[in-house]
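Chemist: Before anything else, here's the structure in question.
The values are calculated or read from the model by the stated rules, or taken from the named source; none is laboratory data. Quantities reported herein were computed from a predicted structural model and do not represent experimental measurements. FYI the Cβ positions are ideal-geometry reconstructions off the backbone, even for glycines, and counts take in every protein chain you see. These area figures cover heavy atoms from the full protein model, side chains too; ligands, DNA and RNA do not enter into them. Shrake-Rupley method; radii C 1.70, N 1.55, O 1.52, S 1.80 Å.
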Amino acid sequence: MSVESTKPRDARCSKLKLFLASMAFAYFAKAFGGAYMKSSITQIERRFDIPSSLIGVIDGSFEMGNLLVIAFVSYFGAKLHRPRLIAIGCLIMAVGSFLISLPHFLQGPYKYETSMTHSTAINSTESMLPCSSNHSLTDVDGTPDLAARADCEKAAGSSMWVLVFVGNMLRGIGETPIMPLGVSYLDDFSKEENTPFYLACIHTVGILGPMFGFMMGSFLTKIYVDVGFVNLDSVTINYKDSRWVGAWWLGFIATGTIILLSSIPFWFLPKSLRKQGTEKDQCKDLELSPEAEQDHFLPDQDHEEKEATFKEMARDFMPSLKRLFSNSIYSLMILTYLVAVNGFMGMITFKPKFLEQIYGQSASKAIFLIGILNLPAVALGIITGGFILKRFKLGVIGAARVSITASVCSFCLLVVQVFIRCESAEVAGLTVTYQGIPDVSYEPQTLLSQCNAGCSCSMKQWDPVCANNGMTYASPCLAGCQTSTGTGKETVFHKCSCISEMISPSQNTSAVLGQCSRKSDCDRVFKMYMALSVVGSFISACGGTPGYIVLLRSIQQDLKALALGMQTLIVRTLGGIPPPIYFGALIDRTCLKWGTKQCGGRGACRLYDADAFRWTFMGLIAGLYLVVNMMWGVLYRKIVQRQKKLALREQAKENGVEENGVNGHANISIVQNKDNTEKESTI
């Protein structure tokens with residue numbers, strides 16, 4: 001008899017463990033895909049020749065898809081087969097990832113703008129003549145026929161980015177059921193004391209996802225986009241070039257496959273399980289119970305749960321919503337989170353581009369460093385914040401103090417980062433004059449100079465060459481180069497008239513393909529910036545868990561589900577979608593040299609005004625976090641005031657009980673106190 005009763009229990013236990021392992025894998029897979037999408041933003045922007053503002057819209061499509069179904073999934077999902085809904089969600093995410101990679105197979109080979117031919121005849125010894133009075137590149141500056149341009153745009157597949165937009169939206173739709181349904185399923189059928197441990201295991205595995213996502217993004221950025229489809233010896237650029245596009249599509253096939261695999265176990269799990277450890281010990285440690293602390297922080301409330309019909313719930317929705325947002329601390333917490341998420345989303349989306357343009361790092365190295373340094377620092381900070389709360393047994397005020405301290409310290413480090421800079425890249429006619437004098441006020445028409453006036457150069461072309469004097473020229477023609485030797489990446493341009501103006505006649509007047517490296521001290525400055533960035537990420541993350549505790553403890557028990565749902569809705573809507581768009585639009589305004597599409601339209605930006613970019617990007621982030629700190633100050637004051645009122649109320653209640661106990665009216669006094677407390681607004 002005992003053997004027969006043990007088998008079903010062991011089966012139930014194994015199914016719960018299977019669900020736990022499946023959830024951990026699903027968390028890893030979705031975080032892996034999300035991080036890889038962030039790491040591929042710059043590559044997608046270059047591949048489709050679109051501005052940063054549009055890439056921000058594409059990045060925000062994930063949140064758009066998420067918001068389309070979050071209300072339906074959160075409310076009706078719990079009444080349906082939750083594991084299968086999670087499996088369907090993973091399947092949709094996988095389809096979205098595969099759809100994002102599809103444009104690569106529908107478009108032709110990537111053709112970057114260059115003054116050299118895309119011909120595969122790499123062994124040709126014919127010398128090029130960059131500077132020529134009858135140079136064909138002058139045709140590029142003309143306005144093509146509208147019909148011809150339309151045909152060209154269609155042939156180039158310039159609108160293929162729409163598939164990336166739709167695919168990313170599908171990823172957002174598919175991700176929706178994983179967290180709410182997975183966590184509720186686990187909480188329903190596991191021991192109460194085991195649930196926090198299970199959730200910690202899931203989140204710990206999930207933390208690995210972004211690290212692997214950014215590392216894969218860094219690796220694939222070094223691989224040319226058309227690897228296996230073109231002769232790589234004919235490619236004249238390398239992964240450090242602003243025109244380079246890595247094999248971004250390959251990563252989405254990999255992430256889609258992993259997400260697809262993560263869906264398989266959920267198809268075989270039951271709709272429900274018997275709760276783990278039904279014979280569990282009923283004794284509870286009230287001192288460590290979050291409900292005990294919440295009951296102390298909030299006024300007395302009736303915890304009695306009643307079965308309600310859908311009509312009654314709908315009728316009670318607006319009053320509950322009004323009661324929730326009349327809670328000033330909750331409303332301020334939501335606004336604080338909203339501003340902070342705006343700063344974080346803008347930072348994580350465009351930080352690789354920032355490291356490229358300001359510190360001269362390659363896209364691959366920038367992505368790798370974020371994944372290997374910043375993300376682990378954030379994960380360690382979140383764990384540290386939770387440890388501090390538990391170690392010192394901090395209440396609501398203590399948690400608020402930790403959050404404020406972390407916010408202020410990280411903000412101070414952020415302000416210091418604003419002033420850390422490298423010397424701007426020296427590009428003749430854009431950041432310096434042809435005589436090497438710095439002047440950031442120059443417009444593109446100053447690309448022409450006396451030294452290249454007779455060359456009939458295109459001013460739209462971006463095919464940078466580096467001279468021995470450390471100056472970059474926008475193209476071999478604009479450098480006044482007369483001849484060239486070598487093929488592919490080994491091409492060298494000679495007799496460059498613009499270079500000879502700046503050096504003595506005995507020096508070399510040749511130039512090689514690619515932009516010149518930054519000055520040597522830039523590496524030291526960059527290391528200083530990254531050190532401050534990593535420390536700031538850790539300190540900022542230390543305040544994450546305490547801040548969330550403050551939010552949870554300031555909500556009445558019967559409004560907690562609604563409060564967390566509204567927080568998710570508001571923060572994702574206003575904190576996930578707009579930041580990449582307005583950050584991208586502001587960054588676009590700092591562009592000095594736009595690329596040119598094959599059909600003559602404006603492409604992706606090739607070179608930014610480094611100082612303007614730095615002040616715009618870092619200044620906007622610092623401004624948002626300054627607002628966050630000010631709001632935390634107001635919040636802390638309100639929390640302290642509320643705590644004092646509750647302490648006085650408790651003291652008055654105890655005094656009333658003692659006095660009325662002597663007079664024999666203790667019961668009446670307690671009832672009156674409770675009634676008065678329920679009428680007062682709570683936080």
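Chemist: Pull out all pairs, ordered by first then second residue, where Cβ-Cβ is under 7 Å, the residues are six or more apart or on different chains, the first lies in the range 448-477 and is in contact (Cβ under 8 Å) with a residue 12 or more places away in the chain and on the phi > 0 side of the Ramachandran plot, and the second is among the charged types (D, E, K, R) and open to solvent by 10 Å² or more (accessible area, probe 1.4 Å).
Modeler: Filtered contacts from the range 448-477: GLY470/GLU426.
Chemist: In the range 498-520, how many are over 19 Å from GLN482 (Cβ atoms), in contact (Cβ under 8 Å) with a residue 40 or more places away in the chain and either surrounded by fewer than 18 Cβ atoms within 10 Å (Cβ to Cβ) or touching a strand residue (DSSP E or B) at 6+ places or on another chain (Cβ under 7 Å) (or both)?
Modeler: Residues meeting the conditions: 5.
Chemist: Could you tell me whether any residue of the range 333-350 is modelled with pLDDT of 90 or more, surrounded by fewer than 17 Cβ atoms within 10 Å (Cβ to Cβ) and farther than 30 Å from THR590 by Cβ?
Modeler: no
Chemist: With the condition kept exactly as written, say whether any residue in the range 385-394 is closer than 24 Å to ARG642 by Cβ and not in a helix (DSSP H, G or I).
Modeler: yes
Chemist: Look through the range 1-48, keep the residues that are outside any helix (DSSP H, G or I) and surrounded by 22 or more Cβ atoms within 10 Å (Cβ to Cβ), and return whichever of them is modelled with the highest pLDDT.
Modeler: Top of the filtered list is SER40.
Chemist: Return the residues of the range 569-590 that are surrounded by 20 or more Cβ atoms within 10 Å (Cβ to Cβ) and of a type in the set (Phe, Trp, Tyr); say none if nothing qualifies.
Modeler: PHE583
Chemist: Which is acidic (Asp, Glu) and at pLDDT below 90, of ASP145, ASP59?
Modeler: After applying the criteria, what remains is ASP145.
Chemist: I've got another one for you. What are the residues in the range 377-397 that are within 28 Å of LEU532 (Cα to Cα) and either free of Cβ contacts under 8 Å to residues at least 24 places away in the same chain or open to solvent by 40 Å² or more (accessible area, probe 1.4 Å) (or both), if any?
Modeler: Within the range 377-397, VAL378, LEU380, ILE382, ILE383, PHE387, ILE388, LYS390, ARG391, PHE392 qualify.
Chemist: Which count do you get for residues in the range 418-462 that are assigned to a strand (DSSP E or B) and modelled with pLDDT under 85?
Modeler: The number of residues fulfilling the criteria is 1.
Chemist: Still on this model: Checking the condition in contact with a Lys or Arg (Cβ under 8 Å, 6 or more places away or on another chain), of a type outside the set (Val, Ile, Thr) and at pLDDT below 80, which residue from ALA150, ALA200, ALA121, ALA156 passes?
Modeler: Testing whether each residue is in contact with a Lys or Arg (Cβ under 8 Å, 6 or more places away or on another chain), of a type outside the set (Val, Ile, Thr) and at pLDDT below 80 leaves just ALA156.
Chemist: Further question on the same structure: Given the residues GLY174, GLY182, GLY167, which is the only one that is open to solvent by less than 30 Å² (accessible area, probe 1.4 Å), touching a Cys at 6+ places or on another chain (Cβ under 7 Å) and either at pLDDT 75 or above or part of a helix (DSSP H, G or I) (or both)?
Modeler: Sole residue among the options that is open to solvent by less than 30 Å² (accessible area, probe 1.4 Å), touching a Cys at 6+ places or on another chain (Cβ under 7 Å) and either at pLDDT 75 or above or part of a helix (DSSP H, G or I) (or both): GLY174.
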